[in-house]
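Report on the following structure.
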Amino acid sequence: MASKDNSVDLAKKWLLDSGIQNVGKSHPLEGGFNSWFDMNNKNYPFIYSEITGYGISVLLYLNAASQDKIFLDRARLAAEWLMKFALHRSGGAMTRHYYEKKDEQKEYSFSDGLLFTFDSGMVMYGLMMLYKETKGERYLEAAERIAGFIIKCQRKDGLLYAAYDPNKDNFVDDPKKWSSQSGSFHAKTALGFLEIYEATQNNSYKKAAVNLCDAVLEIQENNGRFVTLKDSGGTNFHPHLYSAEGLYFTGIKLANKKYLEAASKAVVWVLENQTKTGGIPCMFAGGRFNQNERSDVVAQTLRLFALLANGSKSDWSDYTEKAKILQKRLLTFQNLDAGTEEKQVGGFFYGWDENGNKLNHLNSWCTMFAVQALSLYDSFANGKDIVAEPFV
């Protein structure tokens, strides 16, 4: 197992040099971030708009820590790909650019797919972080176009429709999967709204964020759990933690104690159900916890702990040992075996799916979340100032 410092350095190198981001002027899709590297097939299945939005954020986060010009340059490349290839005329972000036609899933494809409000929100936030860093008006203009699209997808109760079908001109809410149904996880889109509000002082963006987060508060269970699967009443931990992330940052931005308390309850519920390995279950369904672990969920929990505990150490003293174990568990997901793929050292494996299948791929967003989680936790553990923005 690598040390924390070495682990972060290896992950940074993987993000820059492994090929997970397309680079080089000869590449027709330069700037876009691929979903993952498949260790079995030695390929990247598709470029992912949501993750390219995260890519901008993590590159700017690393730029703030090091002031190495390469991080800002790469963030600009990511934004250029998004603005050139991924934005639909309606303002929403298209989802996945598949390399091979045979691999396309129609629902997600650039050619014929849905426009997901969550994905669009993550692109909006990434562009706003780049605007904040560079004051490039093009980034603000693109982010506002996306914001206008998402506001059109906001329901009367404040929640967002999961997606818009541009082919049928209607909104989509499908209970089959957490990401295709309206839910609490959309609270994370409030981050982008609030950044645009700060830049423009247009109150409609702040109103959209507040209406959304107020609606999310209404659907939290008393024990802190968010139901993310309406048909079964179950909870997928990944979107549950997205919900907490959105409420936490909105609570910080607006000094709203209700949002911060709700975020805290959500994270406590997760930590109280830590697995015997030190990780986090992937699912709660049918009254039982699914013990299969995903590294993105482990990282999400660790960084939220660091942020919340940093603000109120005494309230979180009962969980510091759990967090220490969680950090060690997260490090076990990192690829440290050069083998025949030396440039893939440093990436984080996804982990297991809900059916117990171990996925042999090095995942872009899992690695991005892990870089920030390990850095934030290190700052917390060593009493350093925590810099949490840009948030990935």
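Here, each number is a calculation from the coordinates, and none is a lab measurement. This structure is a prediction, so every number in the text was calculated from the model and none was measured. Don't worry about glycine lacking a Cβ; one is built from the backbone with ideal geometry, like all the others, and counts go over all protein chains shown.
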Checklist line | In segment 137-186, the trypsin sites (Lys or Arg not before Pro) that fall in loop regions by DSSP, at most 10 other Cβ within 10 Å | finding: K156, K168, K176
Check: For segment 52-91 and segment 344-375, what is the separation of their C-alpha centers, rounded to whole Å?
Finding: 21 Å
Item checked: Residue with peak Gaussian network fluctuation, the chain [Cα springs, cutoff 10 Å], from N34, N335, N203 -> N203
Next item on the list: Using the Cα centre as the reference, give the magnitude of the dipole from point charges on the C-beta atoms of segment 302-392 (Lys, Arg: +1; Asp, Glu: -1; all else neutral), rounded to the nearest 20 debye.
Entry: 160 debye
Next item on the list: For segment 256-264, take each phi angle, set θ = phi - 60°, evaluate the Karplus expression 6.51 cos²θ - 1.76 cosθ + 1.60, and give the result in whole Hz per residue in order, putting x for glycine and proline.
Entry: 9, 5, 4, 5, 5, 5, 5, 4, 4
Notebook entry, point to check: So, in nm, how far is label K324 from label D38 when the simple model puts each one 7 Å beyond its Cα toward the Cβ?
Noted result: 4.2 nm
Notebook entry, point to check: Tell me, what is the FRET efficiency for V23 and N222 to the nearest 0.05, using R0 = 45 angstrom and their Cβ-Cβ distance as r?
Noted result: 0.40
Checklist line | Charge dipole magnitude, Cβ of K and R +1, D and E -1 - the chain, Cα centre, debye nearest 20 | finding: 260 debye
Checklist line | For segment 31-182, share of DSSP beta bridges that run antiparallel, in % to the nearest 5 | finding: 90 percent
Checklist line | Förster radius 25 Å - calculated FRET efficiency between N273 and K177, Cβ distance, rounded to 0.05 | finding: 0.65
Note to self: Taking the number of other C-beta atoms within 10 Å as the exposure measure, put R89, R288 in order starting with the fewest.
What the structure shows: R89, R288
Notebook entry, point to check: How long is the gain from K168 to E137 if the chain were fully straight, where each residue apart is worth 0.36 nm and the alpha carbon distance is subtracted?
Noted result: 7.9 nm
Next item on the list: Quick one: among A208, A338, A11, which has the greatest mean-square fluctuation in a GNM of the chain with alpha-carbon springs under 10 angstrom?
Entry: A338
Check: Non-local amide H neighbours of Y350 (under 5 Å, H modeled in plane, Pro and chain starts lacking H): which ones?
Finding: H361, N363
Item checked: Share antiparallel - DSSP beta bridges, the chain, percent rounded to 5 -> 95 percent
Item checked: Estimated FRET transfer efficiency (D103, Q201; beta-carbon r; R0 35 Å; 0.05) -> 0.20
Check: Which ³J(HN,Hα) values in Hz, rounded to whole numbers, follow from the phi angles of segment 132-138 under the Karplus curve 6.51 cos²θ - 1.76 cosθ + 1.60, where θ = phi - 60° and Gly and Pro get x?
Finding: 4, 7, 10, 6, x, 4, 4
Next item on the list: Report, in debye and to the nearest 20, how large the dipole of segment 27-173 comes out about its Cα centre when Lys and Arg carry +1 and Asp and Glu carry -1 on their Cβ.
Entry: 220 debye
Checklist line | Taking the chain and dividing mean pair separation by its residue count, relative contact order in percent (alpha carbons under 8 Å, at least six apart) | finding: 16 percent
Checklist line | Relative contact order of segment 28-99, defined on C-alpha pairs under 8 angstrom at six or more residues apart (%) | finding: 37 percent
Next item on the list: Would you work out which of I150, L130, T52 lies farthest towards the positive end of the dipole of segment 31-182, given +1 charges on the beta-carbon of Lys and Arg and -1 on that of Asp and Glu, about the Cα centre?
Entry: L130
Margin query: Mean-square fluctuation check for the chain, GNM, Cα pairs under 10 Å: which of P45, P166, P28 is largest?
Written below: P28
